[in-house]
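Remarks on the structure that follows.
Just so it is clear, none of the values below were taken in a lab; they were calculated from the coordinates. These figures come from a predicted structure and were not determined experimentally. Positions of Cβ are backbone-derived with ideal geometry, glycine not excepted, and every protein chain shown enters the neighbour counts.
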Amino acid sequence: MSKKVNKQGIDPKVREQALAYKQCFGTESGEKVLKHLEVLCQVRNTSFVKTDEFTPADPLEMAFKEGMKKIYWHVRKYIDLDLT
């Protein structure tokens, strides 16, 4: 089954979602929330967690941190989607 796309090659449902994200986060308050999410989701930090050379890295903690980052990047993907 093929997806419906418009002349820009974007699925109409994706376009609708992207517009909603852009409206929500395109305001001054939305930018503040997005900046807060960037910090909260630790986007600029490594997911690798190791306390010392004798303790192995915690794969569950790393997976949790990657999941947090995924939420931020999901939002960012829709905001940055070119709809022109």
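Annotations
- Selection from Tyr72, Thr51, Gln17 lying farthest towards where the dipole of the chain points positive, charges on Cβ: Gln17
- Ascending count of other beta-carbon atoms within 10 Å, so fewest first, for Ser47, Ser29: Ser29, Ser47
- Among the listed pairs Lys32/Lys65; Lys35/Lys69; Lys13/Lys69; Lys35/Lys70; Lys22/Lys65, those with a Cα-Cα distance over 18 Å are Lys32/Lys65; Lys13/Lys69; Lys22/Lys65.
- Between Phe54 and Gln42, the simple label model (points 7 Å from Cα in the Cβ direction) yields a spacing of 2.3 nm.
- Applying the Karplus relation 6.51 cos²θ - 1.76 cosθ + 1.60 with θ = phi - 60° to the stretch 69-75 yields 3J(HN,Hα) values of 4, 4, 4, 4, 5, 5, 4 Hz, where x marks Gly and Pro.
- The chain: most fluctuating residue of Thr55, Thr46, Thr27 per GNM, C-alpha cutoff 10 Å: Thr55
- Per-residue HN-Hα couplings for the stretch 38-52 [Karplus 6.51, -1.76, 1.60; θ = phi - 60°; Hz; x = Gly/Pro]: 4, 6, 4, 7, 6, 4, 8, 10, 6, 8, 6, 10, 8, 7, 7
- When the helices of the chain are scored as -39500 (n - 2.57) per DSSP H run of n ≥ 4 and the total is divided over every residue, the value at 222 nm lands at -19500 deg cm²/dmol.
- Fully extended contour minus Cα-Cα distance, from Asp82 to Lys70, at 0.36 nm per residue: 2.3 nm
- Phi angles across the stretch 28-33 convert, under the Karplus curve 6.51 cos²θ - 1.76 cosθ + 1.60 with θ = phi - 60°, into 3J(HN,Hα) values of 4, 5, x, 5, 5, 5 Hz, Gly and Pro given as x.
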